[in-house]
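Note sheet for the following structure.
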Amino acid sequence: MKALLKSFALGIITVALAGISSAQTVIHISGSTAFRKALNNAIVDIMNPGYLIAGTNTSPGSATQLVVSGTTKVGNYPVVIKTSLQGSVGGVQSLAQQSPQITFSGSLGWLQTSLATTTTITTAVTASASNTDPAAPADICLADSFQASSFAYGSGFTQLKETKVGVVPFFYVMGCSNDTAVQASLSSVTSISAQQIKLLLSAGLPLSLLTGKDADASVTMYPIGRDEDSGTRLDAFAEPGFGVFGSPVQYAPGFGGSISNNVTYPIASWPASPTATTITGIMPYPANTVDGLSFPVGHSGIASGGNVAKTIYTPVDINARDQFGGKFGIITYLGAGDAQTAIASPSTAFLLNYNGVSGQLSPSGDPIPSTATNITNGAYTFWSYELLDYVPTLAGPAKTVADQIAQQIITTEAHYSGIALSAMNVSRSVEGGVINHN
């Protein structure tokens, strides 16, 4: 299913856009889900009015898979731009190997003609085996981390051209519980430290280490996180010193049904809202294969930030127990947009300060307010650069459009998913590295 969700549907666009010039350049974009709102807004904003648009969400900014067809404002290039955003590392791998592993899914019914101010898509599409096309390699990818920090670097991988387009902050988010005593303790927690995160990722964390109350030692906090495709995961492991190639024990929840630890994994579907159901069990994430590599039990995780957000905002059932018969809670790491989703009302999940410092995520409006001075001045350190990557041989309209998208994000769109480079008073050379004043 992972491979199915990671491809671009070329044939469906050929049929759907019949009558549009065959001279159109098709551009495939993969990579970061954390920066998708900025990317998707940039794509539509470089297009002339009258473009066609389709997506996996009725809000283009939230779609992880998008198709836009039309001509660019600068140069009038006829293009079809397709995105399939599953994770930074997977996008970098596809680009650096030119491996046709990414799939876009869609159907005829979800294309519509845009207006100059299109903000919605009439009908979103759900990926299925019947509406996918052959896989294709990426031409461009958005990445939350440098290529050199990932496994897709060195022998066998093309060294990519990387352009910084913004800063993407990340946040630790604590879930909630329907057990009133546990929830009271969870609500008293305000911060998590790098040392606590290292323990959390490796073995789980007694709640007492966060509350300072011995009575909370019987409640275990478990990490819910992303799979190996994810740049968010890479940054979350780099920042506290756990190590980007560290071996975590991450967990998978069970939703609904009877209270049981023997839930079925991987999860087939996630709750639609924070009130839809409860988490009824939890076990180490099952063995998984990602990007052609096999990983043992506990190492992998959830394939999208959106589903991590849905997990963390779903309360743990009052009768839920872990595999040892104990009460539990969950903590995760998310990019700004997904963190905003996780804490939005009626959710009772909430952000944790990192090392005692707030990242100042806004629960409404743009994910990062202009007053996020803790990030821009270096006090809050859980962030990385967002990069737009492509192979050095990219040429013609595809390269020009790639540069247009990069410039559009830099000058206008970065605030949708993070912070503009121009707002930063500090810099760093590697994920989790030392921060210096500019």
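Summary table below
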item	result
Pair list, Cβ under 7 Å, 6 or more apart: the stretch 61-90 residue in contact (Cβ under 8 Å) with a residue 40 or more places away in the chain, other residue hydroxyl-bearing (Ser, Thr, Tyr) and in a helix (DSSP H, G or I)	61/416; 75/400; 77/400
Some residue of the stretch 185-198 being surrounded by 13 or more Cβ atoms within 10 Å (Cβ to Cβ), touching a Ser or Thr at 6+ places or on another chain (Cβ under 7 Å) and assigned to a helix (DSSP H, G or I)	yes
Residue among 336, 344 that is surrounded by fewer than 17 Cβ atoms within 10 Å (Cβ to Cβ), at pLDDT below 90, within 27 Å of residue 205 (Cα to Cα) and not aromatic (Phe, Trp, Tyr)	344
Selection from the stretch 325-362 of residues that are touching a Ser or Thr at 6+ places or on another chain (Cβ under 7 Å) and without any contact (Cβ under 8 Å) to a residue 60 or more places away in the chain	360
Condition met for residue 230 (over 20 Å from residue 329 (Cβ atoms), surrounded by fewer than 17 Cβ atoms within 10 Å (Cβ to Cβ) and among the hydroxyl-bearing types (Ser, Thr, Tyr))	no
Enumerated strands (runs of 3 or more DSSP E) restricted to the stretch 20-132, each holding at least 2 residues that are at pLDDT 85 or above and closer than 24 Å to residue 302 by Cβ	25-31, 78-84
Of all residues making up the stretch 197-237, the number that are at pLDDT below 95 and among the polar types (S, T, N, Q)	2
In the stretch 277-292, the residues that are out of contact with any helix residue (DSSP H, G or I) (no Cβ under 9 Å at 6 or more places or on another chain) and either at pLDDT below 80 or closer than 21 Å to residue 321 by Cα (or both)	277, 278, 280, 281, 282, 283, 284, 285, 286
Any chance residue 240 is in contact with a Lys or Arg (Cβ under 7 Å, 6 or more places away or on another chain), modelled with pLDDT of 95 or more and part of a loop (DSSP other than H, G, I, E, B)	yes
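The values are calculated or read from the model by the stated rules, or taken from the named source; none is laboratory data. Treat the numbers as computed from the prediction; the structure is a model and nothing was measured. Ideal geometry is used to build each Cβ from the backbone, glycine not excepted, and the neighbour counts take in all protein chains shown.
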